[in-house]
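J.: Below you'll find the structure I mean.
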Amino acid sequence: MKMAGRNAALLFFLAPAFILIALFYLVPLAITVYVSFTDMQNWSLYTLRLLPNPLFNYARLFHMMLYDPDFVKVVYTTIVFTLVTLAFNVLGGLGLAIAVYLMEERLSGFFRGLWLLPRMTPVAVYALLWYYFFLGSRDGTLNAILMALGVIDKPVQWGTDPRLLPWSAWAIIIYVNVLVGVSFGMLIFYSALRSIPWEQVIAARVDGASTLQLVRHILIPSIRWHIMFVTVWQLLSLLTTYAHIFLLVEWGVVDRWWSSTWALYVFTTAFGLGGGGPSSTYQGLAAAAAVILALVGAGLGLLALRLLGFRRMIVPPKGEL
Amino acid sequence: MVEVRLESVSKRFGRVVALHEVTLTFEDGSFTAILGPSGSGKTTLLYLIAGIYKPSSGRIYFGDRDVTNMPPNKRNVGLVFQNYALYPHMTVYDNIAFPLRLKKLPRDEIDRRVREVAKLLHIEELLERYPSQLSGGQQQRVAMARALVKQPDVLLLDEPLSNLDALLRIKIRAELKRLQKDLGITTIYVTHDQSEALALADRIVVIDRGRIQQVGTPDEVYARPRNLFVAGFIGSPPANLIPAKIVARSGSACVAIGDTVYCPDKPLSEKLARFQEVIVAFRPEHATLGEEPAENMVSIEAEVYTVETLGKENIVTLLVGATPVKVVVEPSVRPQPGSKLFINVEPEKLMFFDPETELNIEYIEV
């Protein structure tokens, strides 16, 4: 009787969360896996049937990785974009957090607010801002500034000029993402720094530490768990982010393939690209790519949790259950 | 080792004046306690000496060196915090070695000095542990070791014993006093606990609301408090304070405490003649209780309110009019609440304070 009551209570409290997870995560996951075994195209339900070889899409992706020059660009772009943006987001966030931590309170509040602006701006507005900034015509902000200064005498196609690729396209998408992403690390690290007992910082000063020594020997070691957490979190979210890049690619300000990460490739393959993009969409192929991305993400996530010592962080609740 | 000198040092936080015009000298090798209630400015004073705060005005000297604008890492002071502030991510060894590593001393010298100071404080067997694995008393010793290892000119202690249990506190107190005498480091010890200050220090600085109230040896602040604050703060329980009137008797000034009239001798009565009212003070341990007024004593009639039994002594609270008065008596003395008794005090043990300025009239020049 008692156990039955307990189970009923458990069910009652867990059901809402479980229904949401099932509806918006487990069911779509199952559908995606199924679609990846089909040759679905152009959202036609007629094409939604299992392929003779269900793993054909996967085999095709691996073949593309070796022989399709455009897809090779996607793979390179994904690796470079994820790792470089990650490094900037974590190290930049750490640097910003330490800088505002060491600042006077009023100044610190101002700078923290400033760095949060990109995150508070709607994605489309933010992307539009940088679209105009890097625009290849003489109306582009960067071109206009450099021409006014006399550095260049005719507009540069920053994101698409073959002579600048892939570096310029990579620089643009990384820059645009870092400006948004860096504030996440800054917020987490700043609040972690603030929770270090004030006396420890003073003690280090009295012990003879310069600001650099304080940062190196006290501040950073004190927040090393936060640094690992932000690294993992950012790694996983960078693997799957595409919103900002999608708009820049869609509007043609950067080269399509040298700016497409794996996640964006999944999106454009399934939903197509406006303007000069291909007219056909391939849901089966996109689903297979999405499954691979999910597997890579899950693998990295599990590995990270092991490295972080997730079990050590989950402390059994105190008091009676 | 060095003399520490403050010259009219003030510290303001916005509009709040934390310290007002403090001029003090801490002699080379002395042990000084800064004693005051919470919020009195005593920790602010310590942090000014450490260099954590900069004074709003005034100068601070270590010997001949003007350190007023010198950051803490250049001052060579050792500081022990109330909560010890050990670095949780370092072992005890690394905590103690930290100040030496910052100075980039050779590895073998660091090792030698860490082990030396660990031996001095009896923590040699704890060197490999982390702070979270230590008891409060052990953490306190590690914090002391970290402060001492760099051979500071000045040792600053901010309520270092207040997080320890009562027994351990008394044990470490004695060790601390011995250690300071052996090392001869100029030591400044902040505390709100007057028994610690009286027990440890060569000299006590009593501070309240940002102002120095009295500077003196433990005997001086106990026997001759400069004002009502010091009289009411020092001693356990502190001095009794009873308002009284000045009356004229055969041409000289006398003190009327309730129905009791006490006529002091010449120099004192002349001083008293300038007042209409005074506050009479005496220490609970300087009075006795009797059924009758005692000869050659000032006897005040009072009603017993309650008796606290402490084992080695009892504290009797009585009411003189509406004023509560405490008297420390032998454990065998347990008067009935409600009974009438006489509080007998030797005249020499009485102190008189001006209610306006709160000054002990002993300190007022005629």
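J.: Within the group B:Arg173, B:Arg146, which residue is open to solvent by 20 Å² or more (accessible area, probe 1.4 Å), in the same structural domain as B:Thr23 (by TED's automatic domain parsing) and not hydrophobic (A, V, I, L, M, F, W, C)?
T.: Of the residues listed, the single one that is open to solvent by 20 Å² or more (accessible area, probe 1.4 Å), in the same structural domain as B:Thr23 (by TED's automatic domain parsing) and not hydrophobic (A, V, I, L, M, F, W, C) is B:Arg173.
J.: So, restricting to helices (runs of 4 or more DSSP H) that lie completely within the stretch A:1-71, which ones have at least 1 residues that are modelled with pLDDT under 90, of a type in the set (A, V, I, L, M) and out of contact with any helix residue (DSSP H, G or I) (no Cβ under 8 Å at 6 or more places or on another chain)?
T.: Hits in the stretch A:1-71: A:2-21.
J.: Scan the stretch B:87-140 for residues that are hydroxyl-bearing (Ser, Thr, Tyr) and more than 14 Å from every other protein chain (Cβ to nearest Cβ) and jot them down.
T.: Once the filter is applied, which keeps residues that are hydroxyl-bearing (Ser, Thr, Tyr) and more than 14 Å from every other protein chain (Cβ to nearest Cβ), the stretch B:87-140 yields B:Tyr93, B:Ser135.
J.: Would you check if there is a residue in the stretch A:106-121 being out of contact with any strand residue (DSSP E or B) (no Cβ under 8 Å at 6 or more places or on another chain), open to solvent by 80 Å² or more (accessible area, probe 1.4 Å) and not in a helix (DSSP H, G or I)?
T.: No: the stretch A:106-121 contains no residue that is out of contact with any strand residue (DSSP E or B) (no Cβ under 8 Å at 6 or more places or on another chain), open to solvent by 80 Å² or more (accessible area, probe 1.4 Å) and not in a helix (DSSP H, G or I).
J.: Basic (Lys, Arg) and either under 29 Å from B:Ile234 (Cα atoms) or buried (at least 16 other Cβ atoms within 10 Å of the Cβ) (or both) - does that describe any residue in the stretch B:47-62?
T.: Looking for residues that are basic (Lys, Arg) and either under 29 Å from B:Ile234 (Cα atoms) or buried (at least 16 other Cβ atoms within 10 Å of the Cβ) (or both), one finds none in the stretch B:47-62, hence no.
J.: Continuing with this model, one more query. Does at least one position in the stretch A:142-152 carry a residue that is of a type outside the set (Lys, Arg), under 26 Å from A:Gly113 (Cα atoms), surrounded by 14 or more Cβ atoms within 10 Å (Cβ to Cβ) and away from chain B (no Cβ under 14 Å)?
T.: Yes, that holds for at least one residue.
J.: Please enumerate the residues belonging to the stretch B:328-351 that are within 14 Å of B:Val261 (Cα to Cα), assigned to a strand (DSSP E or B) and within 27 Å of the chain's Cα centre (by Cα).
T.: Result: B:Val345, single match.
J.: From the set of residues in the stretch A:191-225 that are surrounded by fewer than 21 Cβ atoms within 10 Å (Cβ to Cβ) and more than 30 Å from B:Val154 (Cα to Cα), which is nearest to the other protein chains (Cβ to nearest Cβ)?
T.: Per the stated criteria, the residue is A:Arg224.
J.: So, of the residues in the stretch B:5-22 that are more than 14 Å from every other protein chain (Cβ to nearest Cβ) and without any contact (Cβ under 8 Å) to a residue 24 or more places away in the chain, which turns out to be farthest from the chain's Cα centre (by Cα)?
T.: In this case the residue turns out to be B:Arg15.
J.: Sticking with this one: List the helices (runs of 4 or more DSSP H) that sit entirely inside the stretch A:156-261 and contain at least 2 residues that are over 19 Å from the mean Cα position of the chain (by Cα) and under 20 Å from A:Gly93 (Cα atoms).
T.: Hits in the stretch A:156-261: A:167-194, A:211-214, A:224-240.
J.: Could you pull out the residue among B:Leu48, B:Leu19, B:Leu24 that is in a helix (DSSP H, G or I) and farther than 27 Å from B:Pro131 by Cβ?
T.: B:Leu48
The values are calculated or read from the model by the stated rules, or taken from the named source; none is laboratory data. Computed from a prediction, not measured in an experiment: that's the story for all the values here. With ideal geometry, Cβ positions are generated from the backbone for all residues, glycine too; neighbour counts draw on all protein chains shown. Ligands, DNA and RNA are excluded from the accessible area calculation, which covers all protein heavy atoms including side chains. Shrake-Rupley method; radii C 1.70, N 1.55, O 1.52, S 1.80 Å.
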